[in-house]
1. How many residues are assigned to a loop (DSSP other than H, G, I, E, B), more than 10 Å from chain B (Cβ to nearest Cβ) and either free of Cβ contacts under 8 Å to residues at least 60 places away in the same chain or out of contact with any helix residue (DSSP H, G or I) (no Cβ under 8 Å at 6 or more places or on another chain) (or both) if we restrict to region A:72-89?
2. Filter region A:3-34 for residues that are within 14 Å of chain B (Cβ to nearest Cβ) and assigned to a helix (DSSP H, G or I); which is nearest to A:Val52 (Cα to Cα)?
3. I need the full set of residues from region B:119-139 which are closer than 21 Å to B:Thr60 by Cα and either surrounded by fewer than 16 Cβ atoms within 10 Å (Cβ to Cβ) or among the β-branched types (Val, Ile, Thr) (or both), in order please.
4. Within region B:60-83, can one find any residue that is crowded, with 18+ Cβ neighbours inside 10 Å, more than 12 Å from chain A (Cβ to nearest Cβ) and either out of contact with any strand residue (DSSP E or B) (no Cβ under 8 Å at 6 or more places or on another chain) or of a type in the set (Asp, Glu) (or both)?
5. How many residues does region B:66-115 contain that are under 30 Å from B:Arg52 (Cβ atoms) and assigned to a loop (DSSP other than H, G, I, E, B)?
6. Within region B:23-37, does at least one residue satisfy the condition of being modelled with pLDDT of 95 or more, in contact with a Phe, Trp or Tyr (Cβ under 8 Å, 6 or more places away or on another chain), within 27 Å of A:Ala126 (Cα to Cα) and among the aliphatic types (A, V, I, L, M)?
7. So A:Phe136 fits all but one of (1) within 11 Å of another protein chain (Cβ to nearest Cβ); (2) surrounded by 17 or more Cβ atoms within 10 Å (Cβ to Cβ); what number is the exception?
8. Just one of (1) small (Gly, Ala, Ser); (2) over 21 Å from A:Phe57 (Cα atoms); (3) assigned to a loop (DSSP other than H, G, I, E, B) trips up B:Ala32, so point out which.
Amino acid sequence: MSDLPPLNEENAGPGTPLKPYHVTFTADSLAPLLSRTGESLDAYVYMGEATVPPGAFLGAYGRLIHETFDYSTGVHVSSDMKVSKAVPVGTEARVSGEILRLYERNGDKYVSFMVNIDDEAGGRIAEVEHSSIYAFRSRA
Amino acid sequence: MAPLRVPKEPLMAVTLEVNTDLPRITIAPINAAADSQGSIHDDEKAREMGFRGGFVGGSTILAYMSRLMHENFGRVWVETGTLNGRLRRPVYEGGDVTVEGTIIETPSDANGGRVTVELQVVTDEGEIGAIGSATCIPA
């Protein structure tokens, strides 16, 4: 049983901050993603330095929302990502964000929230507007 | 005027011309979160909800698009990329998907020097799993 509050209209109004976390983009932490996409970190070496694949930023939402709210059956519906700069593997980042809106469509309930990925100096690395269905209409 | 070409870094050169199709990539999707009980990636839960099985993660599907952009635009994708991805249908483990991209806008002063690529991820059953568009600023 989770101690986190449920994700709903009462707890997650627009502007609600999500619990930030710190992450280090290491070769080991990137390996599962690269395995799934069929890539190698070698392809991301520029000027002798491996850089973090932008695909890694698309998955940064998970801890942010699931360490703030209790909900298990969500379905990712969209991501709008903007990369601001390339960062080398080994970069430490702070991931933060806030709820943008909750809305309903065809009986399913959606949440949109920002995912901001910044370096330790506060410089923006990337941002992603993420949307998921967090509660399904009855399909019975 | 001859079409611009992105420098060959790191993988291939792209002709920057509207309607140019980028070389497709084919990937065997992996459901890395299949053991995440109660989630949509869990076979049992997904079937209970009326789906064929657990979904391959949406961020993984969109990362396939990122791979296509990287293979064609290299470092500038990593430095200046934007991606708007929409997941349309579940993608399941067990078949291949093809990632397709077509240049729909070339860099100009009006668009900040960005090339825009229309993208889709198509299952081997011909269903569109995801659509999107991506941009970057070629060197």
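1. So the answer is 0.
2. A:Leu30
3. B:Val121, B:Val122, B:Thr123, B:Asp124, B:Glu125, B:Gly126, B:Glu127, B:Ile128, B:Ile131, B:Thr135
4. Checked region B:60-83: no residue is crowded, with 18+ Cβ neighbours inside 10 Å, more than 12 Å from chain A (Cβ to nearest Cβ) and either out of contact with any strand residue (DSSP E or B) (no Cβ under 8 Å at 6 or more places or on another chain) or of a type in the set (Asp, Glu) (or both).
5. 9
6. For region B:23-37, residues modelled with pLDDT of 95 or more, in contact with a Phe, Trp or Tyr (Cβ under 8 Å, 6 or more places away or on another chain), within 27 Å of A:Ala126 (Cα to Cα) and among the aliphatic types (A, V, I, L, M): present.
7. Condition not satisfied by A:Phe136: (2).
8. Failing condition for B:Ala32: (2).
The values are calculated or read from the model by the stated rules, or taken from the named source; none is laboratory data. These numbers were taken from a predicted model, which means no experiment stands behind them. All Cβ positions, even for glycine, are placed from backbone atoms using ideal geometry, and neighbour counts span all protein chains on display.
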